[in-house]
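Colleague: Below you will find the structure I want to go over with you.
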């Protein structure tokens, strides 16, 4: 197991380097001269020279890449063109906000997903299963940006229970954990939770159905174990996989929050990306994507490690 | 699993007194099973209707989808002459939804089709070649796979800039690694089978083996997996237009229409939500059809 863990960590290194390479290339696949792309339209010759030096567009690609990686490893992701502030600072502020809705959404999705999945797996092919399965199909098929709009229509425009956009009554100033602020969190998180809910429900249903069909369950029943005792065994057996799926879903939500954040004007990484795209702020785009993608790779790694540690039955080649 | 030729129905009546009942081909069996699946059939009918409306939109549209009018802005659903109301520029929403289906469906399906061709090619090559070629290809694929799909789509089209071609390219790149991974794993399984060994022992070349033994066995599962991506692709493609990264106004497209109607969320909420409902119906129908196809083919995931 130890050797697997070491190899798994080592394997993540080239992936991370590849991810960094792709993010580096984003500036270069952008149409036109990369320098022009990152320059504000009213750039002075001085600034032009300065940026040329900073990005080293006059040097060779490998040189540029490694100096970029080197600076990124030291927490320097360049400066935003629009605001002039360091990209790293902007991204880390936004990541916290995105993490709040993504984590809450994952928890909500995990709770309802497991519930529907268990019910569906236990009473397979009954009407309960059909309804639970339908809900999970809806969860994976619904365009979440539209779902967000529908929730805004119902709860803000019609019922006026919840605020439609923003992250607090006083704009997007400091976040405080009180009801006035949490009200802003509810709709984005609920909207987002539909995706993991559908996926977790599908996974858990398949797992439960598979476990119930295994011989040890018949053995347990034959030895007189009650319904609840069997249920406990089923939960224990499908928990590792379900938790792993949950962990990965958190990563997907962190990276995929842009559409939901746009609908709710939530000041997270998605909002930052949106801003970066429309102001052609390529350093900001590059930096945000690098951080989110590296976070996703690390989360994958963590899930794999935890799964190996907690579920030694999994034979890792 | 037989090849695609088996789909052609054998004219049983024409055969002289069959001594045994000729078994139907694999694809005929799949078709027979999927027809008995009510959910999949409902989904198929809905999709056919949507595609039909989109194709024939120019001839059946009730009004000009580009004609703006200051006097008929944001009329509610059910307005005489504007069954689904009008949008923020007074254009007839029903006509725009009908014509918008063209771009929306095209932009949802095309990336998956293209990625199916390229991804299968890459995956089969990697799976069949094995060794160094496999490692090189699959590790490259892993890097693309290391991005959440939404993030990768937005990163690429954000860098490339708005436009239909750029959006299609980005989405295709998002789906290639996912399809290539499935193709590689299925091909690796087939390559290790005894009949491939037998073919090789009898002197068949790599090309012959791939054509005669590998393709027929791997394309089915890859195809089923690919169909399950169309729903995601629809949501992502419309999502890109929703963000302003895909189709440009005034062209009608469901995601873009949803975005421009967002301003009407307090004045005409149900009109504003309509384009999204169409994305949802299309996406869920593709999902149910794909689920039906998977259970009909008994492909395990």
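The values are calculated or read from the model by the stated rules, or taken from the named source; none is laboratory data. What you are looking at is a predicted structure, and each value in this text was computed from that prediction instead of being measured. As a convention, Cβ positions derive from the backbone with ideal geometry for all residues, glycine included, and neighbour counts pool all protein chains shown.
Colleague: Residue B:204 is checked against (1) assigned to a helix (DSSP H, G or I); (2) away from chain A (no Cβ under 14 Å) and fails just one. What number does that condition carry?
Modeller: Every condition holds for residue B:204 apart from (1).
Colleague: With A:219, A:171, A:224 as the choices, which residue is away from chain B (no Cβ under 13 Å), modelled with pLDDT under 85 and assigned to a helix (DSSP H, G or I)?
Modeller: Numbers: A:171 fails: assigned to a helix (DSSP H, G or I); A:224 fails: assigned to a helix (DSSP H, G or I).
Only one candidate qualifies: A:219.
Colleague: For region B:130-171, give me each residue that is more than 23 Å from residue B:184 (Cβ to Cβ) and surrounded by fewer than 19 Cβ atoms within 10 Å (Cβ to Cβ).
Modeller: B:160, B:161, B:162, B:163, B:165
Colleague: Can you name the residue in region B:119-155 that is within 13 Å of residue B:171 (Cα to Cα), in contact (Cβ under 8 Å) with a residue 40 or more places away in the chain and in contact with a helix residue (DSSP H, G or I) (Cβ under 6 Å, 6 or more places away or on another chain) and is also nearest to the other protein chains (Cβ to nearest Cβ) among such residues?
Modeller: Filtering first and then ranking leaves B:154.
Colleague: Also, quick follow-up: Out of the residues in region B:233-258 that are touching a residue at least 24 places away in the same chain (Cβ under 8 Å) and surrounded by fewer than 24 Cβ atoms within 10 Å (Cβ to Cβ), which is farthest from the chain's Cα centre (by Cα)?
Modeller: B:250
Colleague: Let me ask another. Checking residue A:117 against (1) surrounded by 15 or more Cβ atoms within 10 Å (Cβ to Cβ); (2) in a helix (DSSP H, G or I); (3) within 14 Å of chain B (Cβ to nearest Cβ), only one condition comes out false. Which one?
Modeller: (3)
Colleague: Still on this model: Looking at residue A:278 and the list (1) more than 10 Å from every other protein chain (Cβ to nearest Cβ); (2) without any contact (Cβ under 8 Å) to a residue 60 or more places away in the chain; (3) under 30 Å from residue A:81 (Cα atoms), which single condition is not satisfied?
Modeller: Residue A:278 satisfies all of (1) more than 10 Å from every other protein chain (Cβ to nearest Cβ); (2) without any contact (Cβ under 8 Å) to a residue 60 or more places away in the chain; (3) under 30 Å from residue A:81 (Cα atoms) except (1).
Colleague: Further question on the same structure: For residue A:148, are the conditions met, namely being more than 10 Å from chain B (Cβ to nearest Cβ) and either modelled with pLDDT of 85 or more or in a helix (DSSP H, G or I) (or both)? So that I can check it myself, show each step before the final result.
Modeller: On the way: more than 10 Å from chain B (Cβ to nearest Cβ): no; either modelled with pLDDT of 85 or more or in a helix (DSSP H, G or I) (or both): yes.
When the stated conditions are applied, residue A:148 does not pass them.
Colleague: For residues that are more than 8 Å from every other protein chain (Cβ to nearest Cβ) and either free of Cβ contacts under 8 Å to residues at least 60 places away in the same chain or over 30 Å from residue B:166 (Cβ atoms) (or both), tally how many sit in region A:281-317. Please lay out each step first, then the result.
Modeller: We begin by selecting, within region A:281-317, every residue more than 8 Å from every other protein chain (Cβ to nearest Cβ); these are A:281, A:283-284, A:286-288, A:290-291, A:294-295, A:298-299, A:301-317.
Filter once more, keeping what is either free of Cβ contacts under 8 Å to residues at least 60 places away in the same chain or over 30 Å from residue B:166 (Cβ atoms) (or both): A:299, A:301-317.
Result for region A:281-317: 18.
Colleague: Suppose the filter is in contact with a helix residue (DSSP H, G or I) (Cβ under 7 Å, 6 or more places away or on another chain) and in a helix (DSSP H, G or I); does residue A:239 pass it?
Modeller: Details: in contact with a helix residue (DSSP H, G or I) (Cβ under 7 Å, 6 or more places away or on another chain): no; in a helix (DSSP H, G or I): yes.
Answer is no for this residue.
Colleague: If you check A:72, A:82, A:102, A:88, which single one turns out to be touching a residue at least 24 places away in the same chain (Cβ under 8 Å) and in contact with a helix residue (DSSP H, G or I) (Cβ under 6 Å, 6 or more places away or on another chain)? Please lay out each step first, then the result.
Modeller: Working: A:72 fails: in contact with a helix residue (DSSP H, G or I) (Cβ under 6 Å, 6 or more places away or on another chain); A:82 fails: in contact with a helix residue (DSSP H, G or I) (Cβ under 6 Å, 6 or more places away or on another chain); A:88 fails: in contact with a helix residue (DSSP H, G or I) (Cβ under 6 Å, 6 or more places away or on another chain).
One residue alone meets the criteria, A:102.
Colleague: For region A:247-268, what are the residues that are within 15 Å of residue A:99 (Cβ to Cβ) and more than 9 Å from every other protein chain (Cβ to nearest Cβ)? Write out each step before concluding.
Modeller: The initial filter retains those residues of region A:247-268 that are within 15 Å of residue A:99 (Cβ to Cβ), namely A:247, A:249-258, A:260-261, A:266-268.
Selection gives A:247, A:249, A:250, A:260, A:261, A:266, A:267, A:268.
Colleague: Let me ask another. Which condition breaks for residue B:184 when tested against (1) surrounded by fewer than 18 Cβ atoms within 10 Å (Cβ to Cβ); (2) over 30 Å from residue B:250 (Cα atoms)?
Modeller: (1)
Colleague: Of everything in region B:53-88, what is surrounded by 14 or more Cβ atoms within 10 Å (Cβ to Cβ) and either free of Cβ contacts under 8 Å to residues at least 24 places away in the same chain or on the phi > 0 side of the Ramachandran plot (or both)? Give them in sequence order.
Modeller: If the condition is that a residue be surrounded by 14 or more Cβ atoms within 10 Å (Cβ to Cβ) and either free of Cβ contacts under 8 Å to residues at least 24 places away in the same chain or on the phi > 0 side of the Ramachandran plot (or both), then B:68, B:72, B:73, B:74, B:79, B:82, B:83, B:85 are the ones that fit.
Colleague: Specify which of the listed residues (B:183, B:199) is more than 30 Å from residue B:168 (Cα to Cα), in contact (Cβ under 8 Å) with a residue 12 or more places away in the chain and in contact with a helix residue (DSSP H, G or I) (Cβ under 7 Å, 6 or more places away or on another chain). First the steps, then the outcome.
Modeller: Working: B:183 fails: more than 30 Å from residue B:168 (Cα to Cα).
Unique residue meeting the criteria: B:199.
Colleague: Suppose the filter is more than 30 Å from residue B:166 (Cβ to Cβ), within 14 Å of chain B (Cβ to nearest Cβ) and at pLDDT 75 or above; does residue A:5 pass it?
Modeller: Working: more than 30 Å from residue B:166 (Cβ to Cβ): yes; within 14 Å of chain B (Cβ to nearest Cβ): no; at pLDDT 75 or above: yes.
When the stated conditions are applied, residue A:5 does not pass them.
Colleague: Taking the criterion of being touching a helix residue (DSSP H, G or I) at 6+ places or on another chain (Cβ under 7 Å) and more than 18 Å from residue A:150 (Cβ to Cβ), would at least one residue in region B:265-282 satisfy it?
Modeller: Keep residues of region B:265-282 that are touching a helix residue (DSSP H, G or I) at 6+ places or on another chain (Cβ under 7 Å), which gives B:265-266, B:269, B:271-276, B:278-282.
After this cut, where a residue has to be more than 18 Å from residue A:150 (Cβ to Cβ) as well, the list is none.
No, there is no match, as no residue in region B:265-282 is touching a helix residue (DSSP H, G or I) at 6+ places or on another chain (Cβ under 7 Å) and more than 18 Å from residue A:150 (Cβ to Cβ).
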